[in-house]
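Just below is one structure, and these are the notes that go with it.
The values are calculated or read from the model by the stated rules, or taken from the named source; none is laboratory data. The structure presented is a predicted model; accordingly, all values stated were derived computationally and were not measured. Neighbour counts are summed over all protein chains in view; Cβ atoms, including those assigned to glycine, are modelled from backbone coordinates with ideal geometry. Heads up: the accessible areas ignore ligands, DNA and RNA and are worked out on the full protein's heavy atoms, side chains in. Shrake-Rupley method; radii C 1.70, N 1.55, O 1.52, S 1.80 Å.
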Amino acid sequence: MTAPLVDPMAMRQAMGRFATGVAVITTEHDGIPHGMTVNSLTSVSLDPPLLLVCFNHGARTAEAAVASGRFVVNVLSRRQQAIALRFAARGEDHFAGLELEYAEHRVPVVPKALAHLECDVERVVEAGDHTIVFGAVIGLDARDGEPLGFFGGKFSDVQQHGHEPERWFF
Ligand SMILES: Cc1cc2nc3c(=O)[nH]c(=O)nc-3n(C[C@H](O)[C@H](O)[C@H](O)COP(=O)(O)O)c2cc1C
């Protein structure tokens, strides 16, 4: 067997230099709510609206989302770091003690998130040690506020530079 060219921890450290936001993926299957913290969220397509999330093999929330066919991406604000930690705890009932709120299509959501994107599972692709779940966005809401960031393995603030929006892009 040939030795891998890149050590997994070195890969994690290098990709950790790529700053991201933080989201919680929520879903419900057989009447049981599931949720987990992710930062592997990527916008894929605007028309049709598609996004993707990469789930570690065995992630309970991923299995429930694929089984139910529906999930919500809850984009966290900087005030919601405690929520990010709660939904990252392994093997816990992440919703214990929380009052559930639901999106339009009967998926539990994180209240006061900066954005909610409700998705149908569009396709599932196995890749390395992760499962990529593509979501077709069927509903959304978004509001102003400061996002929670993740950089170098730590939560961080995301600062705007205050200049004009790039017109060619927006
Ligand atoms: C900031 C942050 C980002 C994370 N991103 C991901 C991710 O993109 N994919 C993933 O599978 N796990 C990610 N995790 C780990 C999961 O949140 C954690 O393993 C979770 O407990 C698994 O949920 P489960 O109990 O439903 O299996 C992340 C954790 C943190 C704190």
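Label 7 Å along Cα→Cβ of Thr42; segment 102-140 residues with amide nitrogen under 17 Å?
122-137
Among Asn74, Gly162, Gly35, flag the residue with its Cα farthest along the positive direction of the charge dipole of the chain, charges on Cβ as +1 for Lys/Arg and -1 for Asp/Glu.
After comparing all options, I get Gly162.
Let me make sure I get this right: for segment 92-170, a, b and c are the square roots of the gyration tensor eigenvalues over alpha carbons, sorted descending. Under 1.5 in a/c it's rounded, otherwise prolate if a/b > b/c, else oblate. Which is it? Before the final figure, lay out each step's value.
Values: a/c = 1.42, a/b = 1.29, b/c = 1.09.
Because its axes are fairly even, with a/c under 1.5, segment 92-170 counts as rounded.
Please compute the per residue accessible area over segment 29-85 with all protein chains in place, 1.4 Å probe, rounded to a whole number of Å². Provide the component values of the computation, followed by the final result.
Values: 2890 Å² over 57 residues.
Accessible area per residue: 51 Å².
May I ask you to list the GluC sites (Glu not before Pro) in segment 81-170 that are in a DSSP loop and have at most 16 other Cβ atoms within 10 Å of their Cβ? Please report the intermediate quantities before stating the final value.
Values: sites: Glu92, Glu99, Glu101, Glu104, Glu118, Glu122, Glu126, Glu166; in loops: Glu92, Glu99, Glu104, Glu166.
Sparse-neighbourhood loop GluC sites (Glu not before Pro): Glu92, Glu99, Glu104, Glu166.
Which one, Gly139, Gly16, Leu52, projects farthest toward the positive side of the charge dipole computed for the chain from Cβ point charges (K/R +1, D/E -1)?
The one lying farthest along the dipole's positive direction is Gly16.
Students often check this: by mean Cβ neighbours within 10 Å, which of 3-16, 137-150 ranks highest, and how do the rest follow? Please list the in-between numbers first.
Working: 3-16: 9.4, 137-150: 15.4.
For the peptides 3-16, 137-150, the packing ranking is 137-150, 3-16.
Using a 7 Å offset from Cα along Cα-Cβ at Asp129, what residues in segment 3-22 end up with backbone N under 20 Å from the label point?
Answer for segment 3-22: 3-18.
For labels at Glu63 and Asp7 in the simple 7 Å Cα→Cβ model, what's the distance in nm?
Once both label points are built, they end up 3.2 nm from each other.
Compute from the Cα atoms of the chain the Rg and the Dmax, the latter being the longest Cα-Cα distance, and quote both in angstrom.
16.5, 53
Rounding to the nearest 20 debye, state how big the charge dipole of segment 21-152 is about its Cα centre with +1 on each Lys and Arg Cβ and -1 on each Asp and Glu Cβ.
Numbers: 10 positive and 17 negative charges, 72 e Å.
Around 340 debye, computed over segment 21-152.
Leaving out ligands, DNA and RNA, and with a 1.4 Å probe, what % of the accessible surface on segment 21-152 is carbon or sulfur?
Details: 3630 of 7020 Å².
It is 52 percent, rounded to a whole number.
Residue separation times 0.36 nm, minus the C-alpha to C-alpha distance between Leu98 and Ala19: what's the value?
Details: separation 79, 0.36 × 79 = 28.44 nm, distance 2.93 nm.
Extra length available between Leu98 and Ala19 comes to 25.5 nm.
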